[in-house]
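Worksheet: one structure, shown below.
The values are calculated or read from the model by the stated rules, or taken from the named source; none is laboratory data. As the structure is a prediction and not an experimental result, all values here were calculated from the model. Heads up, the Cβs are rebuilt from the backbone with ideal geometry, glycines too, and the neighbour counts pull from every protein chain shown. Remember, those area values only see protein heavy atoms, side chains included, never the ligands or the DNA or RNA. Shrake-Rupley method; radii C 1.70, N 1.55, O 1.52, S 1.80 Å.
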Amino acid sequence: MKTVEKLVNPVKRAGEQSPGKIYDEKLKVRARREWRGVKDTFYDYTRWLYLMSVLARFIMVPRNVRGFFRYRWMMSYLFVPHGMDKFTVGLRDEALRIAHTSFNFVIADVTQAIANAFRGDRRVGNDVAYSDKCVITDENSMVTFMMGFDTKKVHTILREVPAMFASNIFHQFNVMHYLDVAQQYGIPGDVCPMPEAEAGISIDDDFCVLGKCAVQNNTTCDGSLMGNGIIAKRLEREYGIPTFQLATPLRHKEPDVMDYAAGEIKKAIAFVEEHTGEKWDWDVYFAAAKRVNDATRCRIAQMEINSTPYPQFFGAAFSLYNDTNYMGNSGRNADFVTIDHKLLKLAQQGYAARRMYAREYRHRCIVWGVQPQYVIDMLYWMVQCWGVVPLTDMLSVINTEMIAEEDTPENREQAYRDMAMLNMEMIMRNHTHGGYKVLVDELWELCEKMNADVVMMWEHMSCKALTGMHGQFEEQARARGIHIMWVSHDLCDPRVFTRQAIRDQVNNYMRTVMREEPLDPSLENIPDNEAY
C-alpha cells in the first residue's frame with residue numbers, strides 16, 4: 001500500500017491537549033470554553049465578541065425580529081456562536097485565525113442575506129420598491145448570470161441558503177420538520193434530503209416571499225429538479241413571481257455543448273433585464289471577472305500549500321468559504337478580495353512556521369463525495385483524533401482557469417462562454433456530472449498531485465451518482481495502493497446516521513484496517529448526538 005512520511009509537530013501547542021474532555025453528555029453545548037494559551041484564548045474571545053456584535057446588530061432591526069418569530073428555520077440563528085465553536089476545536093495560531101477570518105465573514109454575509117430577504121418579504125418588511133429589484137435564485141445556482149448587473153440596482157437573493165443550508169450546519173435538527181412535511185405530501189423518503197427539505201419548506205409556506213422574478217438551475221440530480229418544480233409552481237401560481245429554468249448541460253466537458261450553454265446564459269440575462277427593467281453593464285461584469293480571477297489565483301495558491309507536508313487551509317473552513325465566494329458571490333462583492341488575500345497571507349505564514357493542526361500527521365487524505373451538513377466540522381476531528389489530514393474535498397476542487405477580464409468586442413462574446421463554463425463546473429455538479437473522468441480519473445490525479453495515501457469517500461446514501469461507482473472506486477484504489485475509507489450518511493438527516501455513527505465508521509477503519517490507535521482517545525467518542 002502507498003505510504004507517506006509521518007510528521008511530528010516540531011512546535012509545542014499551547015493550552016489544552018485533549019479537547020474531547022470539554023464535552024458534556026448532559027449538555028447541548030460544551031461544558032466550558034477551550035483553553036488555548038493566553039494569546040490564542042484572547043484572540044478567540046475577541047472574535048466571539050465580534051460575532052455577537054454581528055448578531056446583535058441584525059436583531060436590533062424591527063423587521064428582523066418579526067422575521068425571527070415568523071420563520072421556523074430562524075431558530076438556528078440562536079446557535080451560531082456554538083456552531084462557530086465547533087469549527088475551532090483544537091485550533092491554534094494561524095489555523096485558528098484562518099477559521100475565524102473565513103467563518104466570521106461567511107456568517108456576516110449570510111446574516112446580511114437574511115436581512116435583505118426580510119426587507120423585501122411581503123410578510124415581514126414588505127418593501128415593494130426593493131423587492132421589485134430582487135432576483136431570487138436557488139441554493140445550488142452559481143450566480144454568474146448576475147455578474148453584469150450593478151449590485152446597488154439589482155439584488156440577488158439566495159433565499160434557500162439561510163433557510164436550509166446554513167441552518168442545518170448550525171443546528172442539526174433544523175430541517176427534520178421539513179423532511180417530514182415533504183414526505184407527508186407524497187415525496188419519497190429515499191430522495192436527496194437537500195431538495196426534499198427545500199420542497200418541504202415551500203410546502204410549509206416557510207420561505208420569504210419577495211422578488212420580481214426567479215432563476216432556477218438544473219443543478220445536481222433528479223431530486224433537485226423535483227424540488228425546483230414544486231418551488232417554481234408555488235412562486236408562479238400563488239405569488240406571481242415568474243421563474244426561468246436555466247438548463248445547464250450535464251456533460252460539461254464536451255466542447256460541443258458550449259454554444260448551447262452560452263445561449264442559456266444569454267437567455268437568463270435577458271429574462272432578468274425584462275422583469276427588473278435594469279440593463280446588463282459590461283463595466284460591472286469585467287470588474288467582477290477580475291475579482292473571480294483573483295479569487296481563483298488565491299485558491300490555487302492555497303491548494304499548492306496543501307500539496308506540501310505542511311497544509312494550512314483545509315476542512316470545513318476551506319469548503320464553506322469557497323462555496324460562499326465561488327457560488328454566492330461570483331466576483332460581485334469586492335469585500336471578498338480583501339478576505340482572500342488575508343487568508344492566503346495567514347496560510348503562507350503558517351507554512352513558513354511549519355504549523356500543524358495536531359501533534360502528529362500520519363496520513364494525507366483526499367475527501368471525495370458529498371459531505372454531511374450536520375457534522376461538517378468532522379474533518380478537524382479527524383486530524384486531531386487520528387492524524388488523518390484532509391488536504392482538500394471534492395466540492396472545493398473547482399475551476400482553475402482564468403476568464404476574460406478585459407473589455408473588448410471579442411471578450412464580450414467570450415464572457416458568455418466563461419459564465420457558462422463557471423456555471424457548468426459549479427460546486428454541486430463539477431464532479432457529480434461531466435462523466436467518468438471528472439468523477440473517477442480526476443480523483444487519482446489529485447491523489448498523485450497532493451501525495452495522498454487515503455481517500456475518505458463520503459457515501460451519501462441518497463446520491464445515486466456516487467454510490468453507483470462504488471465498485472470502480474474500490475478496484476482502482478486497490479490497484480494504486482490507496483486506502484479508501486467509505487463513510488455513509490444522509491446529508492441533512494441525523495436520524496439516519498448520527499454524528500457518532502459517522503465518526504465510528506472512521507474509528508473502526510483506523511483500528512481494524514490501519515491497525516492504529518487514536519492520537520487523542522478523548523475524541524474517539526463524543527457525546528454530541530443531541531447537541532445543536
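Here the Kirkwood formula puts the hydrodynamic radius of the stretch 264-334 at 14.3 Å, using every distinct Cα pair.
Placing unit charges on the Cβ atoms of the charged side chains and taking the dipole of the chain about its Cα centre, the candidate lying farthest along the positive direction among Phe118, Gln472, Val61 is Val61.
For every helix of n ≥ 4 consecutive DSSP H residues, a contribution of -39,500 (n - 2.57) applies; sum these over the chain, divide by its total residues, and give [θ] at 222 nm rounded to the nearest 500 deg cm²/dmol.
-14000 deg cm²/dmol
Under the convention that each Lys and Arg Cβ holds +1 and each Asp and Glu Cβ holds -1, the size of the dipole of the stretch 410-532 around its Cα centre is about 240 debye.
Taken per residue, the accessible surface of the stretch 331-372 reaches 40 Å², heavy atoms only and a 1.4 Å probe.
What a 1.4 Å probe finds exposed on the chain is 54% carbon and sulfur by accessible area, rounded to a whole percent. Rounded to the nearest 20, the size of the Cβ-charge dipole of the chain about its Cα centre is 1640 debye, with Lys and Arg at +1 and Asp and Glu at -1. The simple spin-label model puts a point 7 Å past each Cα toward its Cβ; for Arg57 and Glu410 those points are separated by 4.5 nm. Think of the chain as having a plus end and a minus end, set by charges on the Cβ of Lys, Arg, Asp and Glu; of Val154, Met176, Ile427, Met176 sits farthest toward the positive end of this dipole. Positive end of the dipole of the chain (Cβ unit charges, origin at the Cα centre): among Pro521, Thr144, Phe42, the Cα lying farthest that way belongs to Phe42. Between Asp132 and Val65, the FRET efficiency estimated from the beta carbon spacing at R0 = 25 angstrom works out to 0.55.
The lysines within cross-link reach of Lys212, meaning a Cα-to-Cα straight distance under 25 Å and a gap of 8 or more places when in the same chain, are Lys133, Lys152, Lys153, Lys233, Lys266, Lys267, Lys279. Using a probe of 1.4 angstrom and keeping all protein chains present, the accessible surface of the stretch 400-532 works out to 41 square angstrom per residue.
With 0.36 nm allotted per residue and the present C-alpha distance subtracted, the Gln348-Ala270 stretch has 23.8 nm of extension available. The stretch between Ala31 and Gln183, if pulled fully straight at 0.36 nm per residue, gains 51.0 nm over its current Cα-Cα span. A Cβ-based charge dipole, computed about the Cα centre of the stretch 177-324 with Lys and Arg at +1 and Asp and Glu at -1, lands at about 440 debye.
Within a straight-line Cα-Cα reach of under 28 Å, Lys2 can be paired with the following lysines, leaving aside sequence neighbours fewer than 8 residues apart in one chain: Lys437, Lys449. One entry in (1) 35, 27, 24; (2) 45, 28, 20; (3) 76, 24, 21 is semi-axes √(5λ) of the Cα gyration tensor in Å calculated from the shown coordinates; its label is (1). Of the beta bridges in the chain, as assigned by DSSP with both residues counted there, near 5 percent are antiparallel.
For the stretch 161-228, the solvent-accessible area works out to 27 Å² per residue, with a probe of 1.4 Å and every protein chain left in place.
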